[in-house]
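Engineer: My structure is below; once you've seen it, I'll send some questions.
The numbers here are math on the coordinates, done by the rules we state, and not lab data. These numbers were taken from a predicted model, which means no experiment stands behind them. As a convention, Cβ positions derive from the backbone with ideal geometry for all residues, glycine included, and neighbour counts pool all protein chains shown.
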Amino acid sequence: MNYQAIWQAALGELELTLSKANFTTWFKNTFISSFENGKVVVSVPNTFTKSWLEKKYHDAIVKALRTATNQGVREVTYRVEAKNTTVLPLEHLLPETPFPLEEAAAPTEQETTSASTNDLGLNPRYLFESFVVGKSNELAHAASQAVAAKPGTVYNPLFIYGGVGMGKTHLLQAIGHHIHKNSPNTKLRYVTCERFTNEFIQHVRSGRGAEFKQLYRTIDVLIMDDVQFLTGKEGTQEEFFHTFNALHQNNKQIILASDRSPKDIQGLESRLLSRFEWGMIADVTKPDFETRVAILQSKTREKNYALNTELLHMVAGAIQSNVRELEGALNKIVAYHQFKNLLPSAATIQPLLQTFAPAFTKRSISPKLLIETVIAYYEISLDDMLGKSRERRYALPRQIAMFLLREETKCSFPSIGDHLGSRDHTTAMHACQKITDMLKDDEQIKRDLSVIREKLYSSAAAH
Ligand code: ADP
Ligand code: MG
């Protein structure tokens, strides 16, 4: 077998385990450049890809290559080189480590209302510093940072897509802010597709088409949001196509966002589609439970408001659809409690959440569902859960179940005891106290509880 056939076979394996955006982004333009004595060198187009493959996909790559070669691979390394293309000296242009964040200082009042920033049409709150990174958006975030650090040199265009309220606009504007801050003279333009369309039509109508071209083809960075609205607008697509080409040829950065992937934008001319695929395509998806909690934490801090962990978990558990809703729920909670001059508690928050997630109420979490979720998580049997063994691998899940019964169903201590093999209510009280103490500094327990809660909420919501 020649190298390329081996690599194709390995890619075939890898493709099955990755999202399309990830696969295309990280494996496009990779190939095997040497294979001797079980040592494979994989060539990649730039250092950014190299470090991602090393950090995130190394094990999967080794495994795929072993399968493809029948265990003939011992070692895999990565080297930056480009195949049959003009070799751009990308290495020294790229940040070695994903680039250092500015101190996460909150913007001062004055900065947030800085006229120059508002002139660009950017929301002062949409900064990298206020963007919470999780599995659902790490690719889009990393790519945005790379582009913001070196506009026009890394990925061109950068295309971000995903459902509503997932942070696309936030990322786009964070790039804008970053570039503007680092080099205020860079000519940067942030527009929605609709605004671009309207401006274009107005200019053409009033016979100022040339002025429009001049306006858009001489900028350094074009950020266009919601490009799915190009659908059905042939004239605008034509103009945008030429704008794109003019900018791209001059290594000017283009950044785009859409609520669907380029292929899924109906009525998009194929020549535009193929250009959107030239650079990097990254998706943003629904944030997981931990990311939702982190986002809530960051937003409460922004608002100078405090919610304890239990309440944060409650909100994050109830609102799973998107970040905009999550933020909406938080705003509602803050406004309600400030207006009524109340301290937030489970009892006051619960009714507010119902309007956001009608399918979810705490009542739909039954003790049975809860115990089933805990035993499934710890992979023990119901007999072990209800039995007498004091071995840690049974005792801990039992205590966790008691704790969650108290937190999530508001069972009384005697009834918790009943649900767990007719135990005494003092055992239940002791268990709740013990887990509460452990949560103060045991990271493993914290993670266990997050995962169990997430499973619980999603099965309760499904009921
Ligand atoms: P989209 O453009 O994908 O519809 P937005 O960028 O408008 O979504 O995000 C909706 C709201 O959620 C904004 O207020 C934004 O600040 C917030 N948001 C989304 N994702 C995150 C995140 N990862 N971290 C912090 N805030 C986020
Ligand atoms: Mg948006």
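Engineer: Based on the Cβ-Cβ distance of ASP259 and LYS410, what FRET efficiency does E = 1/(1 + (r/R0)^6) give at R0 = 35 Å, to the nearest 0.05? Before the final figure, lay out the partial values.
Structural biologist: On the way: r = 40 Å, r/R0 = 1.13.
The calculated FRET efficiency here is 0.30.
Engineer: While we're on this one: For every other residue with a beta carbon closer than 12 angstrom to the beta carbon of PHE244, add +1 if it is Lys or Arg and -1 if Asp or Glu, then tell me the sum.
Structural biologist: On the way: positive: ARG217, LYS252, ARG271, ARG275; negative: GLU238, GLU239, GLU269.
Cβ neighbours under 12 Å give a net charge of +1.
Engineer: Run the numbers for GLN71 and ARG324: contour at 0.36 nm per residue of separation, minus the present Cα-Cα distance, in nm.
Structural biologist: Details: separation 253, 0.36 × 253 = 91.08 nm, distance 4.77 nm.
That pair, GLN71 and ARG324, stretches by 86.3 nm at full extension.
Engineer: While we're on this one: Once the piece of chain linking ASN29 and ALA60 is laid out straight, how much longer is it, given 0.36 nm per residue of separation minus the C-alpha distance between them? Kindly include the intermediate steps, with their values, before the conclusion.
Structural biologist: Numbers: separation 31, 0.36 × 31 = 11.16 nm, distance 1.79 nm.
Extending this stretch completely gives an extra 9.4 nm.
Engineer: Related question: Could you work out how much longer the chain between HIS425 and PHE339 gets when fully extended? Use 0.36 nm per residue separation minus the Cα distance between them, nm to one decimal.
Structural biologist: Details: separation 86, 0.36 × 86 = 30.96 nm, distance 3.92 nm.
Computed gain between HIS425 and PHE339 is 27.0 nm.
Engineer: Still on this structure, please answer the following. With a cut-off of at most 11 other beta carbons within 10 Å, and DSSP calling the residue loop, which trypsin sites (Lys or Arg not before Pro) in the stretch 368-430 qualify? Please list them.
Structural biologist: On the way: sites: LYS368, LYS388, ARG390, ARG392, ARG393, ARG398, ARG406, LYS410, ARG423; in loops: LYS388, ARG390, LYS410, ARG423.
Taking the stretch 368-430 and a limit of 11 other Cβ atoms within 10 Å, the loop trypsin sites (Lys or Arg not before Pro) found are LYS388, ARG390.
Engineer: What whole number of Å gives the distance from the Cα centroid of the stretch 123-170 to the Cα centroid of the stretch 204-240?
Structural biologist: Using only Cα atoms to place each centre, the spacing works out to 23 Å.
Engineer: Run through the stretch 270-346 and list the GluC sites (Glu not before Pro) located in a DSSP loop whose Cβ has at most 11 other Cβ atoms within 10 Å.
Structural biologist: none
Engineer: Here is a further query. Which net charge results for the neighbourhood of LEU307, defined as the other residues with beta-carbon distances under 12 angstrom from its beta-carbon, given Lys and Arg at +1 and Asp and Glu at -1? Before the final figure, lay out each step's value.
Structural biologist: Working: positive: LYS299, ARG301, LYS303; negative: GLU310.
Here the charged neighbours net out to +2.
Engineer: I want to check the label-to-label distance for ASN182 and GLN444. Put each point 7 Å from Cα in the C-beta direction and report it in nm to one decimal.
Structural biologist: Taking the simple label geometry, ASN182 and GLN444 are separated by 4.2 nm.
Engineer: For PHE31, list long-range residues whose amide hydrogen, built 1.01 Å from N in the peptide plane, is under 5 Å from its own amide hydrogen.
Structural biologist: SER43
Engineer: Further, regarding this structure: Which whole-Hz ³J(HN,Hα) couplings does the stretch 325-334 yield from phi under the Karplus relation 6.51 cos²θ - 1.76 cosθ + 1.60, θ = phi - 60°, glycine and proline marked x?
Structural biologist: After applying 6.51 cos²θ - 1.76 cosθ + 1.60, I find 5, 4, 5, x, 5, 5, 4, 5, 4, 4 Hz.
Engineer: How much FRET efficiency would the formula 1/(1 + (r/R0)^6) give for LYS39 and SER274, where r is the Cβ-Cβ distance and R0 is 30 Å, rounded to 0.05?
Structural biologist: Details: r = 37 Å, r/R0 = 1.22.
Step by step, r from the Cβ atoms, then E = 0.25.
Engineer: Calculate the length of the line joining the C-alpha centroid of the stretch 244-274 to that of the stretch 406-426, in whole Å.
Structural biologist: Here the answer is 58 Å between Cα centres.
Engineer: Cα to Cα, under 20 Å, and not fewer than 8 places away if on the same chain: which aspartates and glutamates meet these conditions relative to LYS332?
Structural biologist: GLU302, GLU310
Engineer: Taking 32 Å as the cut-off for C-alpha to C-alpha distance, list the pairs among LYS150/LYS299; LYS368/LYS440; LYS28/LYS455; LYS50/LYS233 that go past it. Walk me through the intermediate numbers first.
Structural biologist: Values: LYS150/LYS299 29 Å; LYS368/LYS440 27 Å; LYS28/LYS455 35 Å; LYS50/LYS233 39 Å.
The pairs that break the limit, which is 32 Å between Cα atoms, are LYS28/LYS455; LYS50/LYS233.
Engineer: Tally the DSSP beta bridges in the chain and give the antiparallel ones as a percent, rounded to 5.
Structural biologist: 20
Engineer: While we're here: List every residue whose amide H lies under 5 Å from the amide H of THR192, counting only residues 5 or more places away in sequence or on a different chain, with H placed 1.01 Å from N in the peptide plane.
Structural biologist: Result for THR192 returns ASP225.
Engineer: Hey, with R₀ at 60 Å, roughly what FRET efficiency would ALA306 and GLU238 work out to, going by the Cβ-Cβ distance, to 0.05?
Structural biologist: Numbers: r = 53 Å, r/R0 = 0.89.
Calculated value: 0.65.
Engineer: If I model a spin label at LYS213 and ARG79 as a point 7 Å from the Cα along the Cα→Cβ vector, what separation in nanometres do I get?
Structural biologist: Taking the simple label geometry, LYS213 and ARG79 are separated by 4.7 nm.
Engineer: Expressed in whole Å with the largest first, what are the equivalent ellipsoid semi-axes of the stretch 1-85 derived from the C-alpha gyration tensor as the square root of 5 times each eigenvalue?
Structural biologist: Values: eigenvalues 62, 45, 29 Å².
Rounded to whole Å, the semi-axes are 18, 15, 12.
Engineer: Please give the peptides 426-439, 139-152 ranked by average Cβ packing (other Cβ atoms within 10 Å per residue), highest first, as a rough proxy for protection. List each step's numbers first, then the result.
Structural biologist: Working: 426-439: 16.6, 139-152: 22.8.
Packing order, densest peptide first, comes out as 139-152, 426-439.
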